[in-house]
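One structure is given below, encoded as structure tokens.
Derivation of every value follows stated rules applied to the coordinates shown; laboratory data play no part. These numbers were taken from a predicted model, which means no experiment stands behind them. Because the Cβ atoms are built from the backbone with ideal geometry, glycine has one as well, and the counts that use them run over all protein chains shown.
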Amino acid sequence: MKTAISIDDELLHKADETARSMGLSRSRLFAIAVDDFVKRQRAEQMLRRLNKIYAEPEPGEKRLLKGLKTKFRSTIKDAW
């Protein structure tokens, strides 16, 4: 699909140089860049959602985490 976008002259120049050095068309370079950006944004959104979900553990999980931390700390101390 064709589309028109506005882009800063300097950025377009850098994009053209990069595309040329990679042996890509400008269109292909922009397609790759947008695809990468979208994938990163989705991954960041998922990470934010997971962090929100796991930010506050359930009461039973709190006890389990406390026990794991205690065991982990003693394991570390024994290793040193």
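The residues neighbouring Pro57, those whose beta-carbon lies less than 14 Å from its own, together hold a net charge of +2 under the Lys/Arg +1, Asp/Glu -1 convention. Work the Kirkwood hydrodynamic radius out for the chain: mean of 1/r over every pair of different alpha-carbon atoms, inverted, in Å. Value: 17.5 Å, from the Cα pair sum.
Under a Cβ-only charge scheme (Lys and Arg +1, Asp and Glu -1), can you give me the dipole magnitude of the chain about the Cα centre, in debye to the nearest 20?
Numbers: 18 positive and 12 negative charges, 145 e Å.
Dipole of the chain, to the nearest 20 debye: 700 debye.
By how many degrees, between 0 and 90 and to the nearest 10, does the Cα long axis of helix 26-54 differ from the longest principal axis of the chain? Between helix and principal axis, roughly 20 degrees. Given the options Gly67, Ser27, Tyr54, identify the residue whose Cα lies farthest towards the positive end of the charge dipole of the chain (+1 on Cβ of Lys, Arg; -1 on Cβ of Asp, Glu). The Cα lying farthest towards the positive end belongs to Gly67. For region 31-76, the Cα-based Rg and Dmax, in that order, read 17.4, 51 Å.
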